[in-house]
Amino acid sequence: MLLHDTALIYGRYLRQSLRSRFALLFGVLMPLLYLLFFGPLLTGLPLGGQGSSWQLLVPGLLLQLGLFGASFAGFTIILEKSQGVVERMRVTPVSRLALLLGRVLREATVFVFQAVLLVLAALVMGLRAPLAGVLIGFAFVALLTVSLAALSYALAMRMDTPQSFGPAINALTMPSMLLSGLMLPMTLGPTWLDVLSHLMPFRYLVDAVRDAYVGAYATAHMLYGVLVAVGLAVLAVTVGTRVFRTAGA
């Protein structure tokens with residue numbers, strides 16, 4: 001029953017995404033701009049760690065894609081509430097967990113597709129990475145998207161207007177980006193900033209994907225990254241489901 005309901009919701013929202021092809025491509029624009037205009041600046045610089053500048057930058061851009069895209073997924077819930085869609089779904093027998101999972105799996109599908117486009121562009125720019133590492137990167141993007149989309153939907157269920165939702169998300173995503181080392185390794189900064197960044201869970205995902213892109217799979221970074229990514233996804237889906245149930249979504 002849960003799988004059937006989830007598939008129905010997933011299919012409904014995926015069809016909506018496929019009808020908006022421009023939005024699918026536009027969502028990857030910002031990481032592409034970083035790739036094209038910021039990436040060449042790093043070539044030849046002593047960035048520390050293993051791998052080339054592309055193997056440092058592209059993993060960060062992949063997670064940036066998930067961070068910013070999935071965090072704003074809740075806007076659709078606010079729109080649906082204003083149009084009465086959520087109210088109509090309340091009277092259906094569909095599982096509340098399925099209502100959430102169908103939505104977040106759609107988000108994960110969209111952002112993995114965009115991540116593939118980003119990696120293809122990076123290969124043209126000069127990225128060289130093992131296939132297994134690239135696939136691991138996609139898996140981390142999917143888990144991050146599930147986590148942030150679930151939390152975004154939960155927050156949006158508690159808010160009534162985009163004017164209140166947007167600033168709240170911006171206030172959370174900007175520090176997350178700056179303290180996660182998405183653009184450059186945090187080890188390049190002062191010690192206090194590196195220590196502070198370890199309080200940000202996304203830091204562990206970035207480090208894990210960077211290890212994967214240089215073919216280092218059995219590392220502490222990879223272990224911590226997997227634990228944080230899976231733990232965050234489970235926590236986010238649990239919180240999101242509870243909010244959907246109490247809000248009567």
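The values are calculated or read from the model by the stated rules, or taken from the named source; none is laboratory data. All of these numbers come straight from a predicted model, not from anything done at the bench. With ideal geometry, Cβ positions are generated from the backbone for all residues, glycine too; neighbour counts draw on all protein chains shown.
Would you confirm, using the coordinates I've provided, whether SER95 is farther than 30 Å from ALA212 by Cβ, among the hydroxyl-bearing types (Ser, Thr, Tyr) and surrounded by fewer than 18 Cβ atoms within 10 Å (Cβ to Cβ)? No, not satisfied. Of the candidates TYR204, TYR153, the single residue that is farther than 15 Å from LEU61 by Cα, in contact with a helix residue (DSSP H, G or I) (Cβ under 6 Å, 6 or more places away or on another chain), assigned to a helix (DSSP H, G or I) and hydroxyl-bearing (Ser, Thr, Tyr) is TYR153. Only one entry in GLY39, GLY44, GLY74 is within 29 Å of ALA208 (Cα to Cα) and within 18 Å of the chain's Cα centre (by Cα), namely GLY74. Contact map, the range 107-130: first residue charged (D, E, K, R), second residue crowded, with 18+ Cβ neighbours inside 10 Å, Cβ cut-off under 6 Å, separation 6 or more or different chains; pairs are GLU107/ALA70; GLU107/ALA73; GLU107/THR145; GLU107/ALA149. Say whether the condition of being surrounded by 19 or more Cβ atoms within 10 Å (Cβ to Cβ), of a type in the set (Gly, Ala, Ser) and more than 16 Å from VAL141 (Cβ to Cβ) is met by at least one residue in the range 194-202. Yes, there is a match, as at least one residue in the range 194-202 is surrounded by 19 or more Cβ atoms within 10 Å (Cβ to Cβ), of a type in the set (Gly, Ala, Ser) and more than 16 Å from VAL141 (Cβ to Cβ).
Note on the range 167-181: residues that are out of contact with any Lys or Arg (no Cβ under 8 Å at 6 or more places or on another chain), surrounded by 13 or more Cβ atoms within 10 Å (Cβ to Cβ) and within 25 Å of THR191 (Cβ to Cβ) amount to 3.
Does VAL86 fit the bill of being at negative phi, among the β-branched types (Val, Ile, Thr) and assigned to a helix (DSSP H, G or I)? Against the criterion (at negative phi, among the β-branched types (Val, Ile, Thr) and assigned to a helix (DSSP H, G or I)), VAL86 qualifies.
Going by the conditions given, is VAL116 under 14 Å from the mean Cα position of the chain (by Cα), in a helix (DSSP H, G or I), crowded, with 21+ Cβ neighbours inside 10 Å and among the aliphatic types (A, V, I, L, M)? Judged against the criteria, VAL116 is not a match. Just one of the listed residues (VAL230, VAL226, VAL146, VAL209) is touching a Leu at 6+ places or on another chain (Cβ under 8 Å), surrounded by fewer than 19 Cβ atoms within 10 Å (Cβ to Cβ) and modelled with pLDDT of 95 or more, and it is VAL230.
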